[in-house]
Every structure is written in structure tokens, then in C-alpha cells.
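The values are calculated or read from the model by the stated rules, or taken from the named source; none is laboratory data. What you see is a predicted model; the values in this text were computed from it and never measured. Here Cβ is always computed from backbone atoms with ideal geometry, including for glycine, and neighbour counts include all displayed protein chains.
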There are 2 protein chains.
Amino acid sequence: MPETMKRGEKAGNSAGKKAAPRKGDIPPTKERILDAAERLFVRYGYKGVSMRLLTRESKVNLGAVHYHFGGMESVLRALFEKHIVPLNQERHELLDKCLAEEADTYTSVRNLIEAYIRPSLRYPASSKPPKSLFARLQAQLSVDPSPEVRRVIDRGYDEIGTRFARMLRAHCPHLADHEFFWRLNCLYGTMFYTQADTGRTQKIAELMGVEFDQTDRADDITLIAGFLASGFLAPAVDTSTSPAATAKSQSGKSSSGKSSSGNAKGK
Amino acid sequence: MPETMKRGEKAGNSAGKKAAPRKGDIPPTKERILDAAERLFVRYGYKGVSMRLLTRESKVNLGAVHYHFGGMESVLRALFEKHIVPLNQERHELLDKCLAEEADTYTSVRNLIEAYIRPSLRYPASSKPPKSLFARLQAQLSVDPSPEVRRVIDRGYDEIGTRFARMLRAHCPHLADHEFFWRLNCLYGTMFYTQADTGRTQKIAELMGVEFDQTDRADDITLIAGFLASGFLAPAVDTSTSPAATAKSQSGKSSSGKSSSGNAKGK
DNA sequence: AATTGTTTCAAACGTTTGTTGTAATTTTTG
DNA sequence: CAAAAATTACAACAAACGTTTGAAACAATT
């Protein structure tokens, strides 16, 4: 099933002459769809939103979605890229800053992690006027198994994710590859789950009779980054591989460490 | 709006005389539905599975689902509880063991965390014969926003989650409530994301030219638990609240300087 | 003013969905 | 073995679904 673009192609702003202006200056139609999609995706899940519900909520005609996009999947992709591009740009800038300044190892790692997770975590979805519903949507998509969603995720995160991982790897020479990537996996989970903002932790806190306010993230991101930094800098648990070795824990061919370099080598 | 049980009620095995035996000894019908549901939910997501797809896959009649359950939501609930009950029982037993044995703080915390996360993480969904598809399903549900799913999650995790949080809290007197629960939130994220088994981390490793095998979890759980334990035992980042205080960090003044801690310094 | 290209609208198409009623079948009970 | 209960099979329904079409409404250019 190769993706058919059908007539959505012509709205793909490929070589369009000029953008579509509106009569008044109040409602641009195409973005009305994306705004409604963002709200509905977060509320009902990507698969839980039908085109009819979407057009009803965004107050556009049923055919408009097919005209401007071409299908539900394209709506998702457009919405995702609309947010992920500036988000990743901010990540890059923050990572650049980390390259500039010098500090002790812990602070460096913490700042590095903070640079990566802050853009997505800055505005919690549970705030009173939900500032970034997209963060929650992203968290849902991050565990979605369907290939179309995975492709969207991959395309949005491969580049920035690799750069971040490389920079972080340089600060973790005490870890074998296997353990480093497991810890990186933990970092991803922490970030996405925090974005998801499910309220589970808050529920647990309530059951324990403790008040726990998650709505103000400004300083809390530092706490999370600190937690993760301590985890990364902790001594290796895995003792079956020498710290400098690149092989995984399973016994095997790697009789001698092939590279003692602290950071990951390119292919 | 109120959940209607309709005729599914009579199959609710409330005070059933005896289970329904089958002619031969090969296929029990009711479980065939649950088995297929498990496979399909994981593959297409909960919302992505229609009754007709479910009945087609499980090779039962279309009406059978309504007869034995009463709707899709009840299928999900039945499937969830079928797995979560023995899983949580194992968690309880492992936590009991932690109460018995004595060790240094780090080892205690790591064992505690390991006891909580191991049951769900033991069998990765990406193994060759997928041992526990349920783990992946659980991860998807953990970020699902719909109220019906949240109710299922809450009911399955409130009790064990509270017990675990209490036990872990006792080992973290150096943390204020606010910071403790943030770190607990990180733990949840790590657990669920690892369960989700999205392959993202593996993808990043590939892009960096490193082989990363996630399929053998037997020892790797200890690595994850070690990571998390180090995070929990790390000194508090938030210095605006005294370690023993229960107030959250909201108080405005930072006059005393949040940089007092030796390793944690603000930007 | 006429023309052109883009956007919006209303209506309809054919499918698929969840659900239900009823008959056929099997299993258990008396 | 017959009656009763439980389960399965089949057909049908209204509602909702994605998609398509053609005409009307619009902005800008000629």
C-alpha cells in the first residue's frame, strides 16, 4: 500500500503561487482544522477522532479536510511537524549553549539533559489554559504501535535524538554501550511519561495523603534533569563487561575491547 | 452514559455454577476472544480494533462478544485484570522479600525498585515468540486519555502503587515530598516506556553505529533498577525546601541561594 | 468585466460499524 | 431420554464512517 496522495497533493504547498488569503481577518480555515485536531487527538486519541467529528468541531465542511490535506494521517503529520520543528530548533540552540559553557561533570550532564527535555516539558498539559496539548499528544504517539505513527516519530526525532545521545555519551565513559543505551531508554521514558501528564503520580500522592502539584514546571524540570543526571553518572552496574568495552553483556566474540574511546564511534 | 451491562451481565460469572466446557478439549471460546483481543490491541491499539475484526480473528461469531462480555470495554477490562492480578501478586511477594532482608541503602532501594518493575519487564514484547504482549498493551493504556481506560488503570494500580511508594518513601528521607514524587514519576515513565518496547532507543543506537540488544531482559532489569536507585538516592536538587519539610517549592524567595549544595548548582 | 484558480458548501455514494432479535445447536440437568 | 439452560449461528438493522462529486462563492489577475 504505497501512500496515495490523491488530490491532497495539490494542497501540499509544493509550488503554490501564493498562500490562500481569507476575506476578513478572523478565521483561517486550514489552521482551524489543525487546532481542532490537536484538541481532539489529545482528548480521544488519534484513532478515536473521525473526520466527521473533526469537521464538526472545527466548523468546516466535511470535504475541506480532504481538500487541504488528503486524509487523517496527513492531518496528523502536519500537526506533528508544525510543533516539532520549532521544538527541535530550540533543543539545538540549548545544546549549542551546553557546548559553550564549562562546568563540573554533574552540572554539564544535567544541563545537557535539561536542554533536551525542557522544550517538551515547559508547559504542562494539565495547566489551567492548556498551553501545550501537543506535548501530551506526543507522549501518546510515542508508544503507538502503528507504522504510520512510528514513521512520524522517527522522522521527527532521529536527528535531534542522535545528536543529543552523542553529546551525552561523551560524558559517560564509565558505561559500556549496552548500559548507556539502557539508561538512555530510561530518559526517554521519563520525558514522554512526564509529557503525557496522566496524573497517576498525583493520584498516588493523594492516596498517601500528600499534596503534589505538578502544574508549575518552570523549576521542576531541573529536578527531573537532576534525577536523570545522577542516574547517568552513577557507576556501572553491569560488571560483566569492562567499562571501556563496547560489547554487550552477553559473552561472545569481543575478546579485546576494540576501541577504548570514551564516546561512540561512527560507523 | 452510565455503563450499561445489558445482557453481558449474565456472563459476568457472578455466581456461575460451572464454567462452560467444550465438546472436544481444544478451543475454549471465551478465552479465544481474549487471546485475539490481546494480539489485536497491541497491534492496532485499543481504539483501533473493531468487534468485527476481533470476531474474525478469534474465529467466533459476531454476537459472541456481546453475549460473553457486553461490549468492547468489558473485553478490555477482563483482559487487563486477567493479567494484572497475578502480576501484582508477584509484586507483593517480591516486596515482602524486601522487607525481610537487610542490606545497605543503595542495595535496598535497588531491590525495592527491582521488585516493582520486574514482573512487567521480565518478558520483552520484542522477543522472538512474544512472551508478554500484555506489557506493551499496558504501556499504551498508561498514556491513554479516555476515562474508561484511566479507570481500568487506576483500579489495577492504586493499591500496589501506593504500597510500593510508601516503602520507597521510607528510604528517601533526604527528599521533600515534592521532589520525591517527581522522581517517582520518572520511575513510572521508565517502567512504562520500557514495557512499550518501541524500539526507539535501538534505532538511535543503530544511527550511532552501535549494536544494542534489548531482547534479553533477565539481567538488564538490574541495570534499570540501578539507574533509578541512583536517581532516588541522589541528594536533593531542590534546596528551597528543607529535606524534612512537606511544603512544596512554590515559596517565592530564593534569597538563601539554591546553590548551597555541593554538586547541584543552578544555571 | 470577464477570466482564472482556489476555496467552501451541500448532497450523495458505498462500506463498515455496533447492536439486536431469532432460530439452531450444544451441554447440562432432572 | 426429555426438558431446560447455555451457547452459537445467521440475518438484519440503523447509525456513523471515509470518500467523491459538482456547483456555488470567493480573491486575484487579465
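Pull up the range A:32-89, narrow it to residues that are of a type in the set (Val, Ile, Thr) and more than 15 Å from DNA strand D (Cβ to nearest atom), then point me to the one that is farthest from the other protein chains (Cβ to nearest Cβ). Can you show your working first?
Taking the range A:32-89 and keeping what is of a type in the set (Val, Ile, Thr), we get A:33, A:42, A:49, A:55, A:60, A:65, A:75, A:84-85.
Narrowing the set further to residues that are more than 15 Å from DNA strand D (Cβ to nearest atom) leaves A:42, A:84-85.
Values: A:Val42: 6, A:Ile84: 14, A:Val85: 19 Å.
By that ranking, first place goes to A:Val85.
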So B:Val85 clears everything in (1) within 26 Å of A:Pro145 (Cβ to Cβ); (2) free of Cβ contacts under 8 Å to residues at least 60 places away in the same chain; (3) within 16 Å of DNA strand C (Cβ to nearest atom); (4) in a helix (DSSP H, G or I) except one condition, right? Which one?
-> (3)
Filter the range A:200-213 for residues that are more than 8 Å from chain B (Cβ to nearest Cβ) and either at pLDDT below 95 or over 17 Å from B:Arg150 (Cβ atoms) (or both) and give the result.
-> A:Gly209
Taking B:Arg200, is it of a type outside the set (S, T, N, Q), surrounded by 19 or more Cβ atoms within 10 Å (Cβ to Cβ) and free of Cβ contacts under 8 Å to residues at least 40 places away in the same chain?
-> yes
Any residue in the range A:35-42 that is farther than 30 Å from A:Ala165 by Cα, touching an Asp or Glu at 6+ places or on another chain (Cβ under 7 Å), within 16 Å of DNA strand C (Cβ to nearest atom) and among the small types (Gly, Ala, Ser)?
-> yes
Output the residues belonging to the range B:3-62 that are at pLDDT below 95, among the hydroxyl-bearing types (Ser, Thr, Tyr), farther than 26 Å from B:Pro124 by Cα and part of a helix (DSSP H, G or I).
-> B:Thr29
Taking the range B:156-179, which residues are without any contact (Cβ under 8 Å) to a residue 40 or more places away in the chain and more than 8 Å from every other protein chain (Cβ to nearest Cβ)?
-> B:Ala170
Checked pairs for the range A:33-56, first at positive phi, second surrounded by fewer than 17 Cβ atoms within 10 Å (Cβ to Cβ) and not basic (Lys, Arg), C-beta under 7 Å and 6 or more apart or across chains, list as A:Gly45/B:Ser146
Scope the range A:139-152; condition part of a helix (DSSP H, G or I) and touching a residue at least 40 places away in the same chain (Cβ under 8 Å); matching residues = A:Ala139, A:Gln140, A:Leu141, A:Ser142, A:Glu148, A:Val149, A:Val152
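Within the range A:189-211, does at least one residue satisfy the condition of being outside any helix (DSSP H, G or I) and under 14 Å from the mean Cα position of the chain (by Cα)? First the steps, then the outcome.
Keep residues of the range A:189-211 that are outside any helix (DSSP H, G or I), which gives A:197-199, A:208-211.
Cutting the leftovers down to under 14 Å from the mean Cα position of the chain (by Cα) gives us A:197.
Taking every residue of the range A:189-211 in turn, at least one turns out to be outside any helix (DSSP H, G or I) and under 14 Å from the mean Cα position of the chain (by Cα).
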Pick out the one residue from B:Ile160, B:Ile221, B:Ile117 that is buried (at least 21 other Cβ atoms within 10 Å of the Cβ), outside any loop (DSSP other than H, G, I, E, B) and β-branched (Val, Ile, Thr).
-> B:Ile117
